[in-house]
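Here is the structure we will look at, set down as structure tokens.
The values are calculated or read from the model by the stated rules, or taken from the named source; none is laboratory data. All values reported here derive from a predicted model rather than from experimental measurement. Cβ: placed from backbone, ideal geometry, glycine included. Neighbour counts: every protein chain shown. Side chains included, ligands, DNA and RNA excluded: accessible areas come from the protein's heavy atoms. Shrake-Rupley method; radii C 1.70, N 1.55, O 1.52, S 1.80 Å.
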Amino acid sequence: MTSNIYEQRIKERNERTAWFQEDRFGMFIHWGLYAIPARGEWLRSSEQMSVEDYQTYFDEFNPVDYKPKEWAKAAKAAGMKYAVLTAKHHDGFCLFDSKLTDYKATNTKAGRDLVREFLDAFREEGIKVGLYFSVIDWHHEDFPAYGDLHHPMKNNLDFKRNPETFPRYLDYMHGQIRELLTDYGKLDIMWFDFSYAEMKGDTWKAEDIIAMLRELQPHIIIDNRLEGSGDNGGSIYTTEPSVYSGDFASPEQIIPPSGVVDVTGKPIPWEACITLNNNWGYAAADKNYKTPTTVIRKLVECVSKNGNMLLNVGPDAKGNIPKESLDILSEVGDWMSKNGDSIYGCKAADFSKPDWGRYTQKGNKLYAHVLEDSVGPVNLLGLNGKIKKARLLADGSELFLSRPWSAAEFTEDAFVSFARPEVYSHPLPDQRNTVIELELVEEDNKA
């Protein structure tokens with residue numbers, strides 16, 4: 001295969017993800033039968049539960065408080081621009097009305113197509129929509145069980161399966177993807193999960209999946225997990241990405257130290273998927289929630305490294321997003337409403353990370369995210385003569401560029417102060433993250 005083909009794949013990948021790299025902040029929603037036992041979304045595997053043991057949750061599932069319009073309003077108020085819902089997780093239960101299985105929400109007490117309601121509600125708020133789809137399935141009788149790395153029955157010899165029946169599972173899985181692509185209107189993202197060991201790429205007939213996607217919804221973007229997983233990115237990290245390498249990388253529960261780049265150092269579109277506590281699905285006993293300040297600062301860190309953040313909520317069995325999550329999202333939204341210009345459409349800056357925080361950049365606007373109080377004016381290393389104006393982004397108020405008497409030897413640096421005359425110390429206007437918008441002198445802008 002010629003290098004021109006790989007270059008074309010990368011070019012098309014960058015074109016498809018242009019909006020994604022503008023929007024920067026999304027909501028992940030893990031929700032399903034596992035909200036009832038409330039011990040996380042992997043409990044069927046971790047507790048080695050049989051289909052019969054797990055059936056009680058199917059029989060009980062009745063999310064009487066499910067109001068996706070409220071979810072959508074909370075996401076919008078938080079400043080999130082896109083959202084991804086688990087249409088089907090590893091347990092095989094479908095929140096959508098698949099014609100290929102009876103194991104779906106419409107056959108529970110819910111009696112509703114929960115995916116369709118989600119899509120309608122989020123689209124109405126102007127939020128782009130995506131669906132998570134697990135390519136593994138612990139419910140399907142033709143998916144490998146005994147000897148598999150993750151299947152609940154991996155240690156039960158009674159569940160040794162004939163590999164010759166696996167193509168029946170592939171037909172089923174591909175059929176469900178086709179349903180989602182044809183029956184639910186325009187989707188912006190298909191978020192596949194996940195590959196491992198030999199269960200990846202060609203095992204899933206991934207080329208056929210990509211052909212289907214490009215035929216039915218050519219604009220759609222996908223993550224890299226038809227080939228990779230949270231800890232192994234696959235060929236998207238190379239200069240020769242496979243046809244199913246994905247449009248963006250998906251590091252999980254980590255923000256890579258230098259962002260995500262290929263082997264030559266060129267940026268790759270990426271998104272860190274992060275939980276608000278320590279579980280994806282609802283876990284009643286897990287109260288280890290991140291603070292709003294942590295979320296804000298980690299979102300900024302992602303953007304400062306050319307990345308996005310997909311922040312997860314795990315609604316409970318009745319369909320309520322936990323109050324703790326909503327409170328965090330509300331405060332993040334308060335900050336975003338004043339400082340969103342330093343996130344949306346921004347990228348890594350042309351300047352090194354400062355000691356006191358981080359930079360993001362958009363054109364000739366350099367955003368200084370000041371995370372700690374300074375002694376005297378804030379030092380802008382190496383920026384002397386490169387700044388035209390400075391203002392506090394949150395309220396537009398003027399800030400002052402001047403050289404303190406004690407900085408005579410630092411001729412290459414600029415200094416910005418929150419007050420005039422300059423003072424030796426000044427509490428930050430926003431202890432979560434104070435953003436200074438620096439308008440750069442045009443000829444020195446290299447964005």
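Details
- Residue pairs whose Cβ atoms lie under 9 Å apart, separated by 6 or more positions or on different chains, with the first residue in the stretch 266-292 and under 30 Å from residue 14 (Cβ atoms) and the second open to solvent by 10 Å² or more (accessible area, probe 1.4 Å) and of a type in the set (Ser, Thr, Tyr), are 266/239; 268/237.
- Scope the stretch 263-294; condition of a type in the set (A, V, I, L, M, F, W, C) and buried (at least 23 other Cβ atoms within 10 Å of the Cβ); matching residues: 268, 270, 272, 273, 276, 280, 283
- Of all residue pairs spaced 6 or more apart or on separate chains, those with beta-carbon atoms under 6 Å, a first member in the stretch 332-346 that is at pLDDT 95 or above and a second member that is open to solvent by 20 Å² or more (accessible area, probe 1.4 Å) and part of a helix (DSSP H, G or I) are 332/292; 333/77; 345/22.
- The one condition from (1) open to solvent by 80 Å² or more (accessible area, probe 1.4 Å); (2) assigned to a loop (DSSP other than H, G, I, E, B) that residue 66 does not meet is (1).
- Within the stretch 230-256, the set of residues being buried (at least 17 other Cβ atoms within 10 Å of the Cβ) and at positive phi comprises 234, 246.
- From 179, 164, 215, 227, residue being crowded, with 16+ Cβ neighbours inside 10 Å and assigned to a helix (DSSP H, G or I): 179
- Residues (open to solvent by less than 70 Å² (accessible area, probe 1.4 Å) and more than 23 Å from residue 220 (Cα to Cα)) located in the stretch 4-43: 32, 33, 34, 35, 36, 37, 38, 40, 41, 43
- Within the span defined as the stretch 110-130, one or more residues are part of a loop (DSSP other than H, G, I, E, B), acidic (Asp, Glu), touching a Phe, Trp or Tyr at 6+ places or on another chain (Cβ under 8 Å) and closer than 25 Å to residue 143 by Cβ.
- Filtered residues of the stretch 131-171 (kept if hydroxyl-bearing (Ser, Thr, Tyr) and under 23 Å from residue 228 (Cβ atoms)): 132, 134, 169
- Residue in the stretch 79-131 that is nearest to residue 52 (Cα to Cα), counting only those that are polar (S, T, N, Q) and touching a helix residue (DSSP H, G or I) at 6+ places or on another chain (Cβ under 7 Å): 108
- Entirely in the stretch 343-447, the strands (runs of 3 or more DSSP E) that have 2 or more residues that are surrounded by fewer than 19 Cβ atoms within 10 Å (Cβ to Cβ) and charged (D, E, K, R): 387-392
- When residues of the stretch 44-58 are limited to those that are without any contact (Cβ under 8 Å) to a residue 40 or more places away in the chain and closer than 13 Å to residue 317 by Cβ, the one least open to solvent (accessible area, probe 1.4 Å): 57
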